[in-house]
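Written below as C-alpha cells is the structure these notes are about.
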Amino acid sequence: MRLFSFNLLSLLFFLSTSHLLVSSSPSNYFSFSFPSFPSSTSNNFDFSTDASVSQGALQITPDTINDLAYLLNRSGRILYSRSFRLWESNRTASFNTSFSINIYRPSNTTPTGEGLAFIIAPDADGPPPGSYGGFLGLTNSTTDGRSSNRIVAVEFDTVKQAYDPDDNHVGLDINGVTSEISASLTPFGIQIAPVEAVNYTVWIDYDGRQGAIGVYMTRKGEPKPEKPVLAGKVDLSRYVNQDSYFGFAAATGAKDYELNCVLDWTLTVENLDDEDKKGGWKVAAGIAAGVVVLAVVAGTATALWYSKNRRKREKKAMVDPSALAGTLKSLPGMPREFEYKELRKATNGFDERMKLGQGGFGIVYKGVIAGEATEVAVKKFSREDNMNSQDDFLKELTVINRLRHKHLVRLLGWCHENGVLLLVYDYMPNGSLDQHLYGGSTAGQFVLPWNRRIQVAADVASALHYLHHEYDECVVHRDLKSSNVMLDAAFHARLGDFGLARVLDTDKTSYAELEAAGVPGTLGYIAPECFHTAKATRESDLFAFGALLLELVCGRRPRCTDLSNFNFLVDWVWILHRDGRILEAVDEKLEGNFVADEARRMLLLGLACSHPLPGERPKAGVIIQILAGSVSPPVVPAFKPAFMWPAAEPARHEGGSGGLSSMSSLLTSSSLYGSSTAWTPPYVSSDRHGDV
C-alpha cells in the first residue's frame, strides 16, 4: 500500500505541473560539447564527400599532405545531424557556441586559402557543386546571393577577393559570400593561417531578442576577450529556415590550399516550444480534468493507508523500551551510554538558554558534563509520536555510530531513559556556517574571511568523499546545507545532522520513508530528480554541495528573496556567467578581499555540481582536486541546461570521450568525471579578462 500511495502522489505531482511544462516560456536549452573528435563521434554528424573525422578533429576539407594537388578546388561541410528550431512567430532563439580551429599551411611557399565558416544551413546536405575557392563551401557562382539559400555564416577568410577588406578577416555572410559586415583580424594580433601553426578559439554569441551577434577570437587557452572582433545585428528569422542545422563549411582554391580543422565544439541553443505541434492548451486541459478525477481516488486511497498504518504505529509504539535499549547496545562500535540525569544536569535541565538550534528531528542543547569539564552538544529527539522518534533515533545512530572522519561531527554517546531519546556530540564552539554567512548570536558581526570559506569547502568535500567512497558502505547525507555544517575552534568544518542519512546499498534510500507528503530536505538544496525518483544518491548530495559552494562564495541563501526576477541563487549566478561577469556574484561583505581565480573556480564548480542532470555532476574525488587547484575548473555552458526526465544513462565510448549520452543531454563523456558530461577540464576559459 505504501508503494501505491507514493506512486499515486508522484503521478499527481507530475500531472499537476504538466500544464506548466506545456505552456512554459522558453527557459530550456539544448546543449552539447565535444572536447575532441575521436572516431566514435562521427555518427553525430553529416559529412560531405571531402570532409571527415581524423586525428581527433573535424577535417572540413581533405586532410592530407602527401598529395597536395588533391587539396586544390575542394569544398566541404560537416553539420550536426539534428536540426534546431530557431524561431517562432513571436520570438527567435538565442544561442552560444565556441570552437577551436587550426588553419594549417601544408607548405610555407604556397599561398593559403580559402577559408572556413561557421554555418547555419537549411538542411544537412553537402555544399553545392562549384562551391570551392572564394565561395567557401556556402554557395556557387549561380546561387550566390539568392534569398532561397537560407544560409547565415560567420566566415574566417584567408584570401582577399574584390569584396573583402583583406586576406585575414572575419565576416557575417547572409545567403552569399559578400559579407554584410566584416573586420580585419590583423589589428587584434590574429593571423588565421600563420606560418607557424596556431590554434584559435572562437566564441559566437547570438541574442535572439535583440538580434545581436558578437564574435570573439583569441589563441586557444586564453580567456574570452572582452572586446568582440565582429559585432552587428541580424534577425535570423528573416534569413534561415525555422528548423536549421549548425556546422562548418570550408574550401580551398585553384592555387591555394589549407587544412581546415575544428578541434573542439560546444553549442547551446535556446529551446523554443512548438505549441501548435504539441497541442499545448489541449494537453493542459486534458491533464487538468485528469487531475480532478485522480485527486478523488488519491484522497480515498491515502485515507485508507493512513488509517491502517496509524493502527500499526500505535501498536509498535507500545514496544517495551528495554527492547530499544538492547538494540542500541548490540550495535557494533556503539559509543558511551550516558545517564539521563547526567545530561539533564549538563544542560541545566534542558534550559532554553542552552539551546543551540532546532530541526525537524529535535532540539540541540549545549551542555557541560559534570566532573569532566567536557563541552558537548545534546540532541533531544522530539517527533510528535514516540514510534517516529524511535525510528529517527535508531536511523541516525545506525548510520553515524561507526563513521570516523576528522570533518564529521563526532558522536560521543547516547541515552534512552524515561521515553526520552538523546544523542551526544562534540560541541562546536563556532556554531554553524549559516550563522557566519548571515549573522547570528554566535557569529555577531564577524564576516567569514575568504581563506576560511575556501577551507570550509575543502573540508566538506573531504567529508562527502569519505561518505560516498571511502567508508565500507556508501552513505548519502540527504540534508547537506549550511546550517548542518559546523565549525570547530579552528574554524575547520565538520558535517553534522545525519537525521536523514542513509546507507545507499540498502532498501532505505527513499525520501518517502519519512514524509509521505513530500521530500525531506530544504528547498534550494534538493536535486530536481529527487521530486521524480524519491531516491537519495551520491549525485543528489553533490547537487546540495553545489548549492553550498555558491552560498559560500556569494553570501546568499540558495533560495533567495533579495534578487529581483530570481528565486534561486544558482539561476542568478548562471546569468552572470553567461554575461562574462561571474565574479560580480562574490559576497559584497568581503569588500573585495578574495582571490579572483579561487572565486571563479568555486563558482564554476558550484554551477557544475548544480547541473540539472545527475549524471553530469563531478564526483567528490574530482571536486577535491578542483578545489585544490590540481585540476582545472570545469567548462560550464553559458546557458543553464534543461532538466529532462527520465535522464539518460551515461554513455561509454572509446577513450572515455566523444559521442553523446543521448539527445536529452547532448553532452560528451569524460573518463575523469566518470559520466557523459560537459564538465571536462577546460581547453579554454569562458570568462572575460575583466574578471581576472
Q. For region 219-228, which residues satisfy the criterion of being within 24 Å of Ile60 (Cα to Cα) and either modelled with pLDDT of 95 or more or basic (Lys, Arg) (or both)?
A. Arg219, Lys220
Q. Residues in region 333-390 that are closer than 30 Å to Asp472 by Cβ, part of a loop (DSSP other than H, G, I, E, B) and either of a type in the set (A, V, I, L, M) or at pLDDT 85 or above (or both): how many?
A. 2
Q. Is it true that Ala489 is at pLDDT 90 or above and either in contact with a strand residue (DSSP E or B) (Cβ under 7 Å, 6 or more places away or on another chain) or of a type in the set (Gly, Ala, Ser) (or both)?
A. no
**Q.** The lone exception for Ile120 - which of (1) of a type in the set (A, V, I, L, M, F, W, C); (2) touching a Gly at 6+ places or on another chain (Cβ under 6 Å); (3) modelled with pLDDT of 95 or more it fails
**A.** (2)
Q.
With in contact with an Asp or Glu (Cβ under 9 Å, 6 or more places away or on another chain), outside any loop (DSSP other than H, G, I, E, B) and touching a residue at least 24 places away in the same chain (Cβ under 8 Å) as the only criterion, which of Val159, Val202, Val154 stands out?
A. Val154
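Could you please let me know if Trp414 is of a type in the set (Phe, Trp, Tyr) and at pLDDT 90 or above?
Numbers: of a type in the set (Phe, Trp, Tyr): yes; at pLDDT 90 or above: no.
Taking the combined requirement at face value, the residue does not satisfy it.
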Q) What's the number of the condition Tyr525 fails, among (1) within 22 Å of Ser462 (Cα to Cα); (2) free of Cβ contacts under 8 Å to residues at least 12 places away in the same chain? A) (2)
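Sort out for me the helices (runs of 4 or more DSSP H) sitting completely within region 517-621 that have 2 or more residues that are closer than 21 Å to Lys224 by Cβ and at pLDDT 90 or above.
Working: elements: 530-533, 538-554, 569-578, 596-609.
Because the criterion is at least 2 residues that are closer than 21 Å to Lys224 by Cβ and at pLDDT 90 or above, the helices (runs of 4 or more DSSP H) in region 517-621 that meet it are 569-578, 596-609.
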**Q.** Condition met for Asp167 (crowded, with 20+ Cβ neighbours inside 10 Å and at pLDDT below 95)
**A.** yes
Q | Filter pass, Asp164 being over 23 Å from Asn73 (Cα atoms), among the charged types (D, E, K, R) and out of contact with any Leu (no Cβ under 8 Å at 6 or more places or on another chain) | A | no
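Take the residues in region 162-185 that are touching a residue at least 24 places away in the same chain (Cβ under 8 Å) and either among the hydroxyl-bearing types (Ser, Thr, Tyr) or not assigned by TED's automatic domain parsing to the domain that holds Val215 (or both), then tell me which one is farthest from Tyr239 (Cα to Cα). Before the answer, list the steps.
From region 162-185, those touching a residue at least 24 places away in the same chain (Cβ under 8 Å) are 168, 170-183, 185; that's our starting set.
Subsequent filtering for residues that are either among the hydroxyl-bearing types (Ser, Thr, Tyr) or not assigned by TED's automatic domain parsing to the domain that holds Val215 (or both) retains 178-179, 182.
On the way: Thr178: 15, Ser179: 14, Ser182: 18 Å.
The extreme case among them is Ser182.
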Q: Go through region 100-126 and give me each residue that's within 12 Å of Phe246 (Cα to Cα) and either crowded, with 16+ Cβ neighbours inside 10 Å or not assigned by TED's automatic domain parsing to the domain that holds Val262 (or both).
A: Ala117, Phe118, Ile119, Ile120, Ala121, Pro122, Ala124
**Q.** Selection count, region 77-126, where residues are under 28 Å from Val195 (Cβ atoms), touching a residue at least 12 places away in the same chain (Cβ under 8 Å) and not in a strand (DSSP E or B)
**A.** 9
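The values are calculated or read from the model by the stated rules, or taken from the named source; none is laboratory data. All values reported here derive from a predicted model rather than from experimental measurement. Please note: Cβ atoms are built from the backbone with ideal geometry, for glycine as well, and neighbour counts cover all protein chains shown.
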